[in-house]
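Notes to accompany the following structure.
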Amino acid sequence: MATDADEAPLLADEPLRPGSCSRELELREFRDRYVFRSLDGGGAFAVARADGSLHPLSPEEAAAGSDCKVSKIYGVAGMIRLLAELASSKHCVSDLSRYIRFWTNLRQLIWDGGSYVLVITSRKDAGSYGASTVYHANSMKFLCCNEAIKHLTSEEKRDEAYFMSLLRIAETTCGLYYSYDRDLTLNLQRASKLAAGRVHKPLWKQADPRFVWNRNLLEELIETKLDEFITPLIQGSFQTEQFTLKDRLVRITLFSRRCNRRLGTRMWRRGANLEGATANFVETEQLVEYEGLTSSFIQVRGSIPLLWEQIVDLSYKPRPSIIEHEEMTKVVERHFHDLSQRYGDTMVIDLTDKQGDEGNLSNAFAAEMQNFPDIRYVHFDFHHICGGGNFDNLQVLYDEIEEAIQKQGYFLMNSKGEILLDQSGVVRSNCIDCLDRTNVTQSFLARKSLDSQLQRMGALSSAESISQSDIINDKFKKLWVEHGDELSLEYAGSYALKGDLVRYGRQTLPGLIKDGMSALSRYYLNNFHDGVRQDALDLISGYYTVSKSSSSPFQIIGFESAPYLPVASAIIVGGITVTTFTLSQVGRSAQHLISSIIFAGLTAGVVALVKANGKQLCSRPRLCGLI
């Protein structure tokens, strides 16, 4: 289904369409500068390697010089400045408007070096969206413009090295998609209602900034007016499948867009911020194309929109805790006001447990929702009702909300662009992570909508369903399984759990084994890796900015986990081993019994010390707070 686009030839003299950006670039690396030249008949610009300054070039200037390394790249994803002759500082910005104001002020500073340009080095054809090809960014690379690093103090060099390690992490970001000639941030219904002239604007001007992963990195390219080189990237998921119904081709596309307003990892970005933006907020669009008709069904997911946290502490399930704040109700109000402005009527499906710590959080959410009687809140205890992997019990939920789902409907347009139906609202689903239970539930609702869409288009009769065809049903399930895995990798770092429920409607032994491995992977990453990954996301997204003040990311409270945890682990394993050995020798002499007691006590003491300092031993973000 996907082909390697690097092997597909592109006509170098093919003109750029209005609003599109360069499809292929020639990168020329000189000792003093990088030169980027469009192979689509467009312009060129240079980045000085000494200080990172940008300079548009004429075709003659771009072609000048020969002592250089020449390579092909497939887009410029942005630029970031770090230390150079600046000391690092902490400036955490919670939303885009505050970030833009901060950036405007920050640009007044005198920068000197420490610049890095992010380029797309390989891509893959992921399918098409409308008449436009969608690409997956297979690999990216930061080009360094940091000659001024020799002027840094030893502390600043340490900070710069840490920031550079974060950039290396950012280079491996998964799930990034883009198009050269179509705005991917808008769903079909929104895009169809915009002014026709909008498509002639540069892509970054067309885009919804909430869904542009590299929005922060594009600022300098925008200021320098390098519109044809600005490539907005979307993080999320993009899959497409096609099949035949009644001798006619049907294509289904599943497209998810992750919001950048509270970007983060599973444990370090929970709940909402004070502006009402929630962690792991994702808009998922299911597109169906048949006989000139195109339909779109939108669902959204997002963390419980309260102020809450779940700090890793080496336990398998850290206890979630609600942050007491006078703005709590306002936070919930801001979140749902934003949803109603964008999607219309909102129905909330809360899939959390009603018992234990999760139940406390769920009850607090339900209590807040009583302040908003116009928003329908439905609690569905997924684990209790669908216990034992009985996916079919989701029909209980659907029976309860069917009338509201049908009233919200879906979007439908014909080949002339005429709108036949509008989707008037949206279902907002959540569990704790907005990953596994949420994906199972969304796939169930999407299948119900797909039947309705195909019936309305004439591909199915009113009594038919895709479930009656094993081939079609399997393709639909495959889309949602891969979609769930991709979103889970982006947020939790591992594959999704409960994939069997989507694919087979029940849990299987191989599925249990896979879920166990994914759960262990999540545990390891959440405890020992995600703190650094969160820092990388905060740096790339602009939530943290490097400027002229004094605070270093290494000036954190507590001790570092890296030196202590391996030692503690070695003592625990060694203590258990020696205790076991000496216990086996107890019958030979009393000395072995004493040794066993000593080593057992030492091991127990270290275990107690590790448990008491679990939060300090885990990988924690250095750069920003939780809210």
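Ignoring everything but the protein chains, give the 1.4 Å probe accessible area of Tyr524 in square angstrom, nearest 10.
130 Å²
Not counting ligands, DNA or RNA, and with a 1.4 Å probe, what is Leu314's accessible surface area in Å² rounded to the nearest 10?
Its accessible surface works out to 40 Å², give or take rounding.
Kindly write out, for the stretch 306-315 in residue order, the coupling ³J(HN,Hα) from the Karplus curve 6.51 cos²θ - 1.76 cosθ + 1.60 (θ = phi - 60°), rounded to whole Hz, with x marking Gly and Pro.
10, 8, 8, 9, 8, 7, 5, 8, 6, 6
Would you mind classifying the stretch 190-318 by shape? Square roots of the alpha carbon gyration tensor eigenvalues, ordered a ≥ b ≥ c; an a/c under 1.5 is rounded, otherwise it is prolate if a/b is larger than b/c and oblate if not.
oblate
Ignoring ligands, DNA and RNA, how do Tyr377, Tyr491 rank by accessible area with a 1.4 Å probe, largest first?
Sorted by accessible area, descending: Tyr377, Tyr491.
Restricting to DSSP loop positions (anything but H, G, I, E, B) with no more than 12 other Cβ atoms inside 10 Å of their own Cβ, which trypsin sites (Lys or Arg not before Pro) remain in the stretch 359-439?
Sites meeting the loop and neighbour criteria: Lys416.
Excluding ligands, DNA and RNA, what is the solvent-accessible area per residue of the stretch 416-479 at a probe of 1.4 Å, expressed in Å²?
36 Å²
Using only Cα atoms, locate the centre of the stretch 281-341 and the centre of the stretch 59-75, then give the distance between them in Å, rounded to an integer.
45 Å
Where the only charges are on Cβ atoms (+1 Lys, Arg; -1 Asp, Glu), what is the dipole of the stretch 363-444 about its Cα centre, to the nearest 20 debye?
My answer is approximately 200 debye.
What whole-number value in Å² describes the accessible area per residue of the stretch 215-317 for a 1.4 Å probe?
Normalised by residue count, the accessible surface of the stretch 215-317 is 26 Å².
To the nearest 10 square angstrom, how much accessible area does Glu464 have with a 1.4 angstrom probe?
60 Å²
P(r) of the stretch 292-422 in 10 Å steps, Cα pairs, percent per bin?
Histogram of Cα-Cα distances, whole percents per bin: 10, 32, 33, 18, 6, 1.
Any of Lys201/Lys416; Lys448/Lys475; Lys157/Lys205; Lys330/Lys354; Lys124/Lys448 with alpha carbons more than 26 Å apart? Name them for me.
In this structure, Lys157/Lys205; Lys124/Lys448 exceed 26 Å between Cα atoms.
Ranked by accessible surface with a 1.4 Å probe, highest first, in what order do Glu26, Glu402 come?
The ordering from most to least exposed comes out as Glu402, Glu26.
With all protein chains present and a 1.4 Å probe, how do His325, His136, His337, His483 order by accessible area, largest first?
Correct descending sequence by accessible area is His337, His325, His136, His483.
The values are calculated or read from the model by the stated rules, or taken from the named source; none is laboratory data. Note that the structure is a prediction, hence the values are computed from the model and not measured. FYI the Cβ positions are ideal-geometry reconstructions off the backbone, even for glycines, and counts take in every protein chain you see. Ligands, DNA and RNA are excluded from the accessible area calculation, which covers all protein heavy atoms including side chains. Shrake-Rupley method; radii C 1.70, N 1.55, O 1.52, S 1.80 Å.
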